[in-house]
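The values are calculated or read from the model by the stated rules, or taken from the named source; none is laboratory data. Keep in mind it's a predicted model, so treat the numbers as computed, not measured. Neighbour counts run over all protein chains shown; Cβ positions are idealised from the backbone, glycine included. Heads up: the accessible areas ignore ligands, DNA and RNA and are worked out on the full protein's heavy atoms, side chains in. Shrake-Rupley method; radii C 1.70, N 1.55, O 1.52, S 1.80 Å.
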Amino acid sequence: MIKAVIFDFDGLILDTETAWYDTYKQILKETHDYDLPLSEFVKGVGGGDDVLLEYIGKEVNGTFQPDVFQEQVSVMHAERLKEAEAREGVEDYLKEAKEAGYQIAIASSSDHKWVTTHLTNLGLIDYFDHFATSDEVEHIKPEPDLFLKAIEKLGVKPEEAIVFEDSLNGLIAARKANIKTIIVPNPITEDLPFENHHLKISSMKEMRLAEIVKSVDKAE
């Protein structure tokens, strides 16, 4: 029986990923006249950006300064997110989860300050009982550490929780933690080769949370 719901943050609750890609793409075009392929950017979604930065460094022939670039990206990305809103259906799911008595957690490859600052700005922070973030674990997604930390804090077994994810790295991590996963892709991740998930929906408006929980319970 489901007792807890675990949400990713970036790309799932707030579509930071499209904003990241647009920002990376714009700055690289302006500074290096380089077009960043979505197929390369998306490899790091849900996890870290080390592989992407290494790739960019090779592509722009040694003129790339990662620290300078990341500072430029951070400033522009913050501007893009100032007026951003939560993805459709997110608050409906959070309200439904609270009313049903489920515990609610975040498991994010971003750090605690990033997640809580944005959730506060979105007016959603009070829905969450626990946070598992990158500054608490040794390995981020696609390793399972964040989800294992989340269920430890929630005090539930893997089969008593469900995960909502938008990325392939997140799905892989949840699978390693043996937690059933619902995929809700964003425009950046919608074409990724998701496999072995419980359900994939286009948005949280597509199905009520109760329908998803019923589907998961039936699959037990």
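Farthest toward the positive end of the dipole of the range 142-220, out of ALA177, ILE201, VAL216, is the Cα of VAL216, where the dipole comes from beta carbon charges about the Cα centre. Between the alpha-carbon centres of the range 70-116 and the range 174-213 there is a gap of 17 Å. Contact order for the range 1-73, expressed relative to its length and based on alpha carbon pairs under 8 Å spaced 6+ residues apart, stands at 23 percent. Estimated purely from DSSP H runs of n ≥ 4, each contributing -39500 (n - 2.57), the mean residue ellipticity at 222 nm for the chain is -13500 deg cm²/dmol once divided by its residues. Measuring r between the beta carbons of ASN178 and VAL75 and using R0 = 35 Å, the FRET efficiency lands at 0.30. The modelled label-to-label distance between SER202 and GLU85, using points 7 Å beyond Cα along the C-beta direction, is 1.9 nm. The candidates ASP126, ASP22, arranged from most to least accessible area with a 1.4 Å probe in the full protein assembly, appear as ASP126, ASP22.
Decide, for the range 89-220, between rounded, prolate and oblate: order the square roots of the alpha carbon gyration tensor eigenvalues as a ≥ b ≥ c, take rounded if a/c falls under 1.5, and otherwise choose prolate if a/b is larger than b/c, else oblate. Since a/c stays below 1.5, the shape of the range 89-220 is classed as rounded. The range 122-162 and the range 1-57 have Cα centres spaced 21 Å apart. For the chain, a crude dipole built from +1 on the beta carbon of Lys and Arg and -1 on the beta carbon of Asp and Glu, taken about the Cα centre, is about 660 debye to the nearest 20.
Cα-based values for the range 69-109, radius of gyration first and Dmax second, are 15.3, 45 Å. Angle of helix 145-154 to the longest C-alpha principal axis of the chain, folded into 0 to 90 degrees and rounded to 10: 30°.
For a test of the definition: using alpha carbon positions, the gyration tensor, and the 1.5 limit on a/c, classify the range 1-43 as rounded, prolate or oblate. Prolate is the answer for the range 1-43, as a/c is 1.5 or above and a/b outweighs b/c. Both numbers refer to the Cα atoms of the chain; Rg and Dmax are 17.4, 55 Å. Selection among VAL60, ILE104, ILE27 by position relative to the dipole of the chain gives ILE104 as farthest towards the positive end (Cβ unit charges, Cα centre).
Between the listed residues LEU124, ILE188, GLY155, the Cα displaced farthest toward the positive end of the dipole of the chain, a dipole computed from Cβ unit charges relative to the Cα centre, is found at GLY155.
Rounded to the nearest 10 square angstrom, GLU59 shows an accessible area of 80 square angstrom against a 1.4 Å probe.
Helix 16-32 and the long axis of the chain differ in direction by around 10°, with both axes built from C-alpha atoms. With respect to the chain, whose longest principal axis is taken over its alpha-carbon atoms, helix 50-59 is tilted by about 30°. Compute the Cα gyration tensor for the range 44-157, then decide on rounded, prolate or oblate, letting a ≥ b ≥ c be the square roots of its eigenvalues: rounded whenever a/c is under 1.5, prolate when a/b is larger than b/c in the other cases, and oblate in all that remain. Judged from the Cα gyration tensor, the range 44-157 comes out oblate (a/c at least 1.5, b/c at or above a/b).
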